[in-house]
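Reviewing the structure listed below.
The values are calculated or read from the model by the stated rules, or taken from the named source; none is laboratory data. None of these values were measured; they are calculated from a predicted model. Using ideal geometry, Cβ is built from the backbone for each residue, glycine included, and neighbour counts are taken over all protein chains shown.
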Amino acid sequence: MKISSHAALSHTQLQTLNSGNKSGLQQPPIGEGEKSTSSELKSAVSATAEKLKSSAHLSITDPVNNFVFEETRSVQGKHNIILLDDSEKSKLMVKVLDRLDKAAQTSLIDSDILDNDNFLHLAQQLSDEELQQFVAVAQGLQSAPQRNKMPNLNISIIQLKEFVETLSLLDSQTRTQVLQQAGEHAAKVTSTGGDPSYNEQGLLPNSSSSSANDIHNFVDAVNNSSNVPEMLQGLQNFSASQQSNLLQLLVSDKLGNQVMQQLQDKSEPIKDSALQYLAGLSKNIESFAPEYRLAVSGDDAAALLNHDNHSADTAFGMIEQSVELMENYNFSDDQLEDMFSALHGLQVSDQRAYLEITSSGLEQLVGLKPALGDKLEIAENDAVMQALEDVRGNSQARDLVFKSRMGLSQLDEEGRKFYDIKDQFTAKKDQGNTIDVLISEAFYSINDAQLDAQSSYKKNTNSLASHMLELDADERDDLTAQLGNMVETKVPLEQLEAEVLQQNFSEFKQRTDSLVATSDIESLLATQQLVAGQLDSQSSENFWKATAAAGDKIDRAVELINQSPDNIKQQLISYLADNYLPETKDQQQAQVKENIDALFDFFEKDPDASSSKGFFQSKGY
């Protein structure tokens, strides 16, 4: 039992009120024996009473509870006793209690707010109904919420004092609205009924309840809001269940209001799907999930791939990313519904990659909304959305993007795979290069007149990503950096004409076609390095054109280049490169295929150097 200063205890019972005394004041009868108590004993009692005024807690079984004197008065709740004196403050406290029924008196006394000066001033401005609603809120805040997977560190009295200060600054109409809504949320709280004392292990019982989430979130939202009337008005655009999820986000004033603004005019299914997803991110925050920012440049550190999946930074970063997408781009209802439905069905690692691909991909494809401009239209842009969907919807592509933020991997003694942690700048750069490569390949392929079958296009995305995953992190980062430099443009990709796109991305496409076709990416890259180091510059420039021309025979071409003497290497590369004609018509394609087949048919006979030389001479080489 907690005792606050303003006199002395009268009874050991936890009764709240004396019968016939609505205020809850207790003035025990004074017996004749007590009146004749010796002066020494009175001095001892007075000294103890003074200690009470400076002490926050006292055992109810303390002997001092057996001593009372005439001027003592107290108000008593279930867990608290407030000792009164003849001050104006005590009189105000009594007046407030007199306006409440017995149950509300008990709740208010136990809330620790009754003797707060700001509250006493506010109470004079509240109607009896509003005061009753406030007490209901104070009682609701006594139950700890279960807002996420972190320990509940909420201190209800601090939250309640801030609420009092906020209410004091509001106009009467807004204050009435706040208390009405707060009272409705408080009514949802299911009391745990637990004993607020330590158990045999010395631990407090787990008395948190998800039923208290809405009242805690609402009070925090009001306390943190820069414009309470606007927030209340915005909430009216959402159903009760949607408001519950939205309040989870409105704890952050800026972020919550951004979500509310972007969703207020959307259909009910989109509101439901988006808010369930976004609030779910907040609810899944874990207490001991490390933050990625702990790694800085120069650190020799490693971590599990998904080590920060449930950190607060990650969760709110994903929420912010989702909001920014809705702020920058004018999605159709179907596009938004598809996006949030897809996110719901993915693991956190995949969700993070999906959002990164969507954010970086759209910036590359259509750009960013001007600061003072309208949202960019993508609802009717089929090529953009197809390229985006074929990358973010591919599990291999998401895995590649997620891993690209980390470095080399190694196994620990227990067989767990740890990854070197890159500094944030490097991680962001490498991940951005990876997304640029995948999106550029997808968009180019969609616009390529030769690729009109969607199934063939999807195979490109999957093969490119899966083959790049076979490389170690350093090789992969070098490769994506080289390819990324080839697709840098001054304008978004969708603004480029098809002919310009083919011309500017020709070297890039030769490389990605080769990476898609090979089944041994390590050997392909090693052979390219060999050619660059041993042969003339022309052969080095022609290498990727030659491997792209080989098509599904690329691995055989790489094998022949490796096995042949330098002069034959050069002729092989030149011959294949000359037969790389990506814009050929049907008749030309037939001739090119015939030429390439003739080459591989010849080498199937395992010719000697002289025969090989004769073959190329017959072809004009």
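Worth pointing out:
- Where helices (runs of 4 or more DSSP H) fall wholly inside the stretch 340-412, the ranges with 1 or more residues that are surrounded by fewer than 18 Cβ atoms within 10 Å (Cβ to Cβ) and modelled with pLDDT of 95 or more are 348-366, 395-403.
- Residue within the stretch 544-555 that is more than 30 Å from I435 (Cβ to Cβ), modelled with pLDDT of 90 or more and part of a helix (DSSP H, G or I) present: yes
- Members of the stretch 437-457 that are modelled with pLDDT under 90 and closer than 15 Å to Q502 by Cα: S445, I446, N447, D448, A449, Q450, L451
- Residue ID - surrounded by the most Cβ atoms within 10 Å (Cβ to Cβ), chosen from residues in the stretch 116-147 that are more than 23 Å from D214 (Cβ to Cβ) and not charged (D, E, K, R): A123
- Complete set of residues in the stretch 556-607 that are of a type in the set (S, T, Y), outside any helix (DSSP H, G or I) and touching a residue at least 40 places away in the same chain (Cβ under 8 Å): S564, Y580
- Search result, residues across the stretch 98-111 that are in contact (Cβ under 8 Å) with a residue 60 or more places away in the chain and crowded, with 22+ Cβ neighbours inside 10 Å: Q105, T106, I109
- Number of the exception - V531 against (1) within 26 Å of V500 (Cα to Cα); (2) crowded, with 18+ Cβ neighbours inside 10 Å; (3) more than 44 Å from the chain's Cα centre (by Cα): (1)
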